[in-house]
Amino acid sequence: MTRVLLCDDHVVFADALAMAVAASGYEVVGVTRTVAEALAQARATQPDVVVMDLHFEHGPDGLTGVRALTGASPAPRVLLLSGAVDGRVLTEAVEAGADGVVSKADPLETVLTAVQRVAEGSFYADPELLRRSLRPSPADLDQVHLAAQFLTPREREVLGRLVQGSSTRDLAEAMGVGVATVRTHVQSVLNKLGVRSRLEAVTVAVAHGLHEPPLRRVPTRV
């Protein structure tokens, strides 16, 4: 069972989200109120996913927490929560190493979808926000499309499946290859596009029109 740690200083919201996450089939290993508490709890419980708020009344912000969590070994996957998500928040989250970003203002179903996508090894970000906030300049567009020409047909397939939210296991099953082969293809895609993570690769692919945005999915039990 996927283990989830929550960090949010809004008690009512955090406790309600914890109940909803648990009801969706996840094990909630803790609900923390500060970044420091979350880091300590993460070291003690080794969660698979950490859901981290962006703004806290006391102590460092969520981006500081994201950087610390993703720099750990082993590193959990991290979903960043924010009262509002715009292009700046999305960009800063990606740069900090987050595996997804979702707004607290979104319906609970959407937040649970984001948790599921991140837990599966994929990413979550609003497709329209990706288009608006990361629209490239003509020079950047030409550079990315030039780089994309060097992707092999297999790598193009991998990128397309990543955009639609496929995990490593999903890719291996769909392509009829082993997990190690999938990871090799994914790393090659990252290298050719000049990015460091799957989330960045998906962001670049959608923003530059290499692939259509991911389809929304209804959350299911993991």
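The values are calculated or read from the model by the stated rules, or taken from the named source; none is laboratory data. Everything numeric in this text was worked out from a predicted model, so none of it was measured. Virtual Cβ from ideal backbone geometry, glycine too; neighbours counted across all protein chains shown.
Here are the numbers:
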read-out	value
Residues (within 18 Å of residue 114 (Cα to Cα) and surrounded by fewer than 17 Cβ atoms within 10 Å (Cβ to Cβ)) located in segment 58-96	83, 84, 86, 87, 91
Residue pairs meeting the criteria (Cβ under 7 Å; at least 6 apart or on separate chains; first more than 17 Å from residue 201 (Cβ to Cβ), in segment 77-95; second basic (Lys, Arg) and assigned to a helix (DSSP H, G or I))	87/132
Cβ pairs under 9 Å, 6+ apart, first in segment 195-206 and without any contact (Cβ under 8 Å) to a residue 40 or more places away in the chain, second assigned to a helix (DSSP H, G or I) and of a type outside the set (S, T, N, Q)	195/189; 195/201; 195/204; 196/190
Residue match in segment 69-90 (condition: in a helix (DSSP H, G or I) and farther than 29 Å from residue 164 by Cα)	no
Candidate set: segment 150-165, residues that are in a loop (DSSP other than H, G, I, E, B) and either among the aliphatic types (A, V, I, L, M) or at pLDDT 90 or above (or both); chosen: the one nearest to residue 198 (Cα to Cα)	151
Identity of the residue in segment 50-76, of a type in the set (A, V, I, L, M, F, W, C) and either farther than 19 Å from residue 9 by Cβ or in the same structural domain as residue 198 (by TED's automatic domain parsing) (or both), that ends up farthest from the chain's Cα centre (by Cα)	72
